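K.L.:
My questions will all concern the structure given below.
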C-alpha cells in the first residue's frame, strides 16, 4: 500500500489528468496493460472524465499494494508513464517512486530532438497481422542463448537511484546508454545483475552480480548515448557475449529486444516490432513494450545486435522532423565508428572468440 501525502497525490493527479495517453477509456486500459497491470483492470472504473478516471486509478493502485516484493502496483504505472513526459515531470515521478519506496525508478531519458513514428499511442498498440511469422523452433533456442548476456543495471547515489539494461560485448566489456551510466563516478555503487529472470512457473532464478573493474576501461558519448564499461571477473566466460557487428537493417524488417523493462526480471519483445526508419545514426521501430529498457540490445531476426535501444515516445524523424510515437536505437555501426582504436581492437579480438 502507498499512503501518498495529500499534496503529493494532488500534484500527481494534476499531472496525469492532462496526459493524452490517459484521455480515453481505451487508452487508459492500454497503458495499464503496458504497465503489467492487466489483472487489475476489471476492478477499476476507467470511464468518465480524465480527472475522475485518473483519481480512481491512483486510489485503487495505491491501495492495491505490491504485485511482487519489489514492485508496488502504482510504481509500475508511474515508471511506465515516465517516458511519455518531459524531464521535470520525470523528476517528480522519480521523487515519488523513491520517497514511497514503490520500486527502483527507470533511468531518465535524454531529451531527443531528432526523430518519426505513428501519431498516437493507439496506432502503435494495434496488433499487426496478415504476415507470415513462422520461424524454425531453433529461433527460440538461439534467443535464449543470446539472452544470457543481457544484464540488469542498478545505479545508486547518495540522493537517488535508477535502473537500466546492458549487455556484454566481450568477456568483460558491457554496453549500455550514457543516460544510464553517464560518469565513471557512478561505478562504485552500481551493480550488474545477470540471470535476473523467472522460469515459466514464475520462479526467480539464481542471480549473479558483478561490479565495474577498478581503474578499468570506461568510455561514454552523450551525443550517441552509449557507454562502454569494463567489469571485474570476466562474466562473459559464464554468460557469453554479443559481438557488435556492422549489420545493415532496412525499413519494414523486424527487430527483437531483450530487456529489463521497468527494472523487472528479463523479458523479450519480438516479431511485431517493425523498423520504420534507418539513418542519421539511428534505427526507429514500432513496439509497445519497451518502457524503461534503456541499454537493451536490438536484434535482427538472425539474433545479431544491430542497435542499442535508448529512447521512445513522440519524437521527430531526422529527415522530416515529423513527430510520431516510436522507439529508437543507436546503430551499432555508429558506435563502432566512434570508439577509440584500442577498444575497437578489443572488440575485434572478442568477436573471434565469442561463445
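K.L.:
Considering every residue within segment 126-142, establish whether at least one is surrounded by fewer than 15 Cβ atoms within 10 Å (Cβ to Cβ), under 21 Å from the mean Cα position of the chain (by Cα), part of a loop (DSSP other than H, G, I, E, B) and at pLDDT below 95.
P.N.:
yes
Conditions tested, residue by residue: (1) buried (at least 18 other Cβ atoms within 10 Å of the Cβ); (2) assigned to a loop (DSSP other than H, G, I, E, B).
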{"residue": "298", "(1), (2)": "yes, no"}
{"residue": "301", "(1), (2)": "no, yes"}
{"residue": "320", "(1), (2)": "no, yes"}
{"residue": "327", "(1), (2)": "yes, no"}
{"residue": "337", "(1), (2)": "no, no"}
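K.L.:
Let me ask you something else. Within segment 266-280, restricting attention to residues that are assigned to a loop (DSSP other than H, G, I, E, B) and either outside the structural domain of residue 297 (by TED's automatic domain parsing) or more than 16 Å from residue 319 (Cα to Cα) (or both), which residue is nearest to the chain's Cα centre (by Cα)?
P.N.:
Among residues in segment 266-280 that are assigned to a loop (DSSP other than H, G, I, E, B) and either outside the structural domain of residue 297 (by TED's automatic domain parsing) or more than 16 Å from residue 319 (Cα to Cα) (or both), the one nearest to the chain's Cα centre (by Cα) is 266.
K.L.:
Let me ask something else about it. Suppose we filter 220, 190 for residues that are under 20 Å from residue 79 (Cβ atoms) and modelled with pLDDT of 95 or more; which single one remains?
P.N.:
Residue meeting the stated conditions: 190.
K.L.:
Looking at segment 97-107, which of its residues are in a helix (DSSP H, G or I) and out of contact with any helix residue (DSSP H, G or I) (no Cβ under 6 Å at 6 or more places or on another chain)?
P.N.:
98, 99
K.L.:
Residue 287: at pLDDT below 85, touching a strand residue (DSSP E or B) at 6+ places or on another chain (Cβ under 7 Å) and buried (at least 18 other Cβ atoms within 10 Å of the Cβ), yes or no?
P.N.:
Yes, satisfied.
K.L.:
Search segment 147-166 for residues that are in the same structural domain as residue 205 (by TED's automatic domain parsing) and at positive phi and pair each with any residue that is at pLDDT 95 or above and surrounded by fewer than 24 Cβ atoms within 10 Å (Cβ to Cβ) when their beta-carbon atoms are under 6 Å apart and the residues are at least 6 apart or on different chains.
P.N.:
Listed by first residue and then by second, the contacts come to nothing, as the list is empty.
K.L.:
Inspect segment 333-344 for any residue being closer than 20 Å to residue 178 by Cβ, under 19 Å from the mean Cα position of the chain (by Cα) and in contact (Cβ under 8 Å) with a residue 40 or more places away in the chain and give the result as yes or no.
P.N.:
Checked against the condition, which is being closer than 20 Å to residue 178 by Cβ, under 19 Å from the mean Cα position of the chain (by Cα) and in contact (Cβ under 8 Å) with a residue 40 or more places away in the chain, segment 333-344 yields at least one hit.
K.L.:
Check whether at least one residue in segment 6-17 is within 21 Å of the chain's Cα centre (by Cα) and part of a loop (DSSP other than H, G, I, E, B), and report yes or no.
P.N.:
no
The values are calculated or read from the model by the stated rules, or taken from the named source; none is laboratory data. Just so we're clear, the structure is a prediction, and the values are computed from it rather than from any experiment. Every residue, glycine as well, gets a Cβ built from its backbone with ideal geometry; the counts of neighbours run over all protein chains shown.
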